[in-house]
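Contents: one structure, followed by commentary.
Here, each number is a calculation from the coordinates, and none is a lab measurement. No experiment lies behind these values; they were computed from the predicted model shown. Here the Cβ positions follow ideal geometry from the backbone for every residue, glycine too, while neighbour counts run over all protein chains shown.
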Amino acid sequence: MKVEKGIISGKQLMFLIIVHLQASTLAISFIASLVNQSLWIIISFTFILMFIFFWIYLKISLQFPGLNLIEINDILYGKIIGKVVSLLYIYFFWYIAAANLRFIADFFSAFLYQGISNSVFIISFALVLVYTVRNGLETFGRCSVPLAILNIVLTIFITILTIKDWNLKNFLPLFNIELIKILQSANLMIAIPFGEMIVFMMIFPYVNEQTKVKKYFYLGYIIGFINLIIIIIRNIAVLGNITSLYLLPSFQVARIINVGEIIVRAEIVIAVVLLFNSFIKICIFLYVTVLGLAQLFRMKYYKPLVLPIGVLISVFADSMYNSSTEHGYSGANIYPVYALLFIIFIPIITFILMYIKKFSK
Amino acid sequence: MIVLLIIFLISGFVEVKQLINKKFWHELKVSSIFLSIALIFLLLYIFNLPLPNPVRLMEYEVKDLLHLNYK
């Protein structure tokens, strides 16, 4: 029984992926503090590495057309273990939604509205999130199209305006980093922006062009990556070694823009784009959390769960970290290891299990 | 958060009413459980009472149990 009746097009899936990757630029500051100017190399390396895991995700999803991660778990792991694995994934998606909501609230209270409590941003954000997710996948799927285009246009626009401030010496020296830091930063890249794309395994069945899912998924991934790498290269070229000092380097770069004293202080544009991107990203995670729960409890539709889960996300977003420093520590040192379970280990077990079942038949 | 509580109570009431009108009893049962959990956590938070923290659980698993944290 289908819990979600709405469908999105392949192109909307692609734009959702682009926006999702763009929203993860928040994570870049963690990694920048580890590898400084070599960041672009680490990102390019993990970009190639992730193709292996995406191949696994897509192979599993396309083997069971019309079924999402929760339904696939039920088939492959059996009813009881399948439900436990699904619950773990739902918890993982819920956690990402709460952590991202906290991040955006921290950003707004630290940079734009100093002195205003996090709760104000969390509540106002949560209300819009609940309203949007109640309207279904189609609503935020459609929203992602203009936002992704706006993202790309702004990236090109800001890059062009800052070219005069580029210093190519900022990229040197290369690889002046410890091996453990390379590993940690690669792990962070896998865990935060790229690995979180496992969430789309919940959305694949609701794409109308099932045969083109693979194409649009990879296309979104490649376009999102190009956009991300342009931003990273631009930030390193402009800021150099001090990139890691900023919570959001792109914000700082936009602050530097000065075209004949006319186009100045463009950082607010970055803040607005970041707000939109994070909004879509949290929407995706809130949506898959409630969708997963509704499927787990065999409900006819998921809408009654959006409000309680939205409230739980808001409460935990406000209380899970004592400060943004604690969030930064946890995000850089603990979460990447924890996320590997959901991003790498369980999908590999699922993949092996799928082939064992296929051959035993 | 009190604002959220008020909005939550009003929206929750409307939600439950709709489910009763449509006679979706199973959905009513499940959503009532989640609405109650959300209400308990919201009240705990408003009254500054200790809340279970998913971050502590994650830290315990990775740091104390597996010793796999980076720093």
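Can you work out the Karplus-derived ³J(HN,Hα) for every residue in segment A:274-289? Use 6.51 cos²θ - 1.76 cosθ + 1.60 with θ = phi - 60°, whole Hz, and x for glycine or proline.
4, 4, 4, 4, 5, 4, 5, 4, 5, 4, 4, 6, 5, 4, 5, 5
Given labels modelled 7 Å from the Cα in the Cβ direction, how far is it in nm from B:H26 to A:L179?
5.5
I'd like the chymotrypsin sites (Phe, Trp or Tyr not before Pro) in segment B:1-69 restricted to DSSP loop residues with at most 13 other Cβ atoms within 10 Å, sorted by number.
Hits after loop and neighbour filter: B:F47.
If I model segment A:10-360 as equal point scatterers sitting on the Cα atoms and use the Debye formula, what is log10 I(q)/I(0) at q = 0.12 Å⁻¹?
Values, matching the q order: -0.86.
Looking at chain A, which longest stretch skips every one of the GluC sites (Glu not before Pro) that is in a DSSP loop with at most 10 other Cβ atoms within 10 Å, leaving the sites themselves out?
Longest stretch, sites excluded: A:1-177.
Please give the Cα centre distance for segment A:80-140 versus segment A:250-273, rounded to the nearest Å.
27
May I ask for the Kirkwood hydrodynamic radius of segment B:1-42, worked out over all distinct Cα pairs and given in angstroms to one decimal?
Mean inverse Cα-Cα distance, inverted, gives 10.6 Å.
Can you give the net charge of the other residues whose Cβ lies under 12 Å from the Cβ of A:M299, counting K and R as +1 and D and E as -1?
+3
Report, to the nearest 10°, how far helix A:79-107 tilts away from the longest principal axis of the Cα atoms in chain A, using its own Cα long axis and a range of 0 to 90°.
20
Strictly over 21 Å apart at the Cα level, which of A:K59/A:K215; A:K59/A:K358; A:K79/A:K300; A:K215/A:K358 would you flag in this model?
Those over the limit are A:K215/A:K358.
Figure the gain on full extension for A:V264 and A:F359 (residue separation times 0.36 nm, minus the Cα-Cα span) and round it to one decimal in nm.
27.9 nm
Most exposed first by the Cβ proxy, i.e. fewest other Cβ within 10 Å, how do A:I230, A:I122 rank?
A:I230, A:I122
Report, to the nearest 10°, how far helix B:2-22 tilts away from the longest principal axis of the Cα atoms in chain B, using its own Cα long axis and a range of 0 to 90°.
For helix B:2-22, the angle is close to 50 degrees.
Could you grab the relative contact order for segment A:10-360? Cα pairs under 8 Å, six or more apart, rounded to a whole percent.
39
Can you give me the angle between helix A:213-239 and the longest principal axis of chain A, using Cα atoms only, in degrees from 0 to 90, rounded to the nearest 10?
Once rounded, the angle reads 20 degrees.
Helix-only mean residue ellipticity at 222 nm, chain A, DSSP H runs n ≥ 4 weighted -39,500 (n - 2.57), per residue, nearest 500. What is it?
-23000 deg cm²/dmol
Sorting B:H26, B:H67, A:H327, A:H20 on the 10 Å Cβ count, fewest up front, what's the list?
Ranking B:H26, B:H67, A:H327, A:H20 by Cβ neighbours within 10 Å, fewest first, gives B:H67, B:H26, A:H327, A:H20.
For A:I7 and A:I80, compute 0.36 nm times the residue count separating them, minus their Cα-Cα distance, and round to one decimal in nm.
Length difference between fully extended and current span is 23.3 nm.
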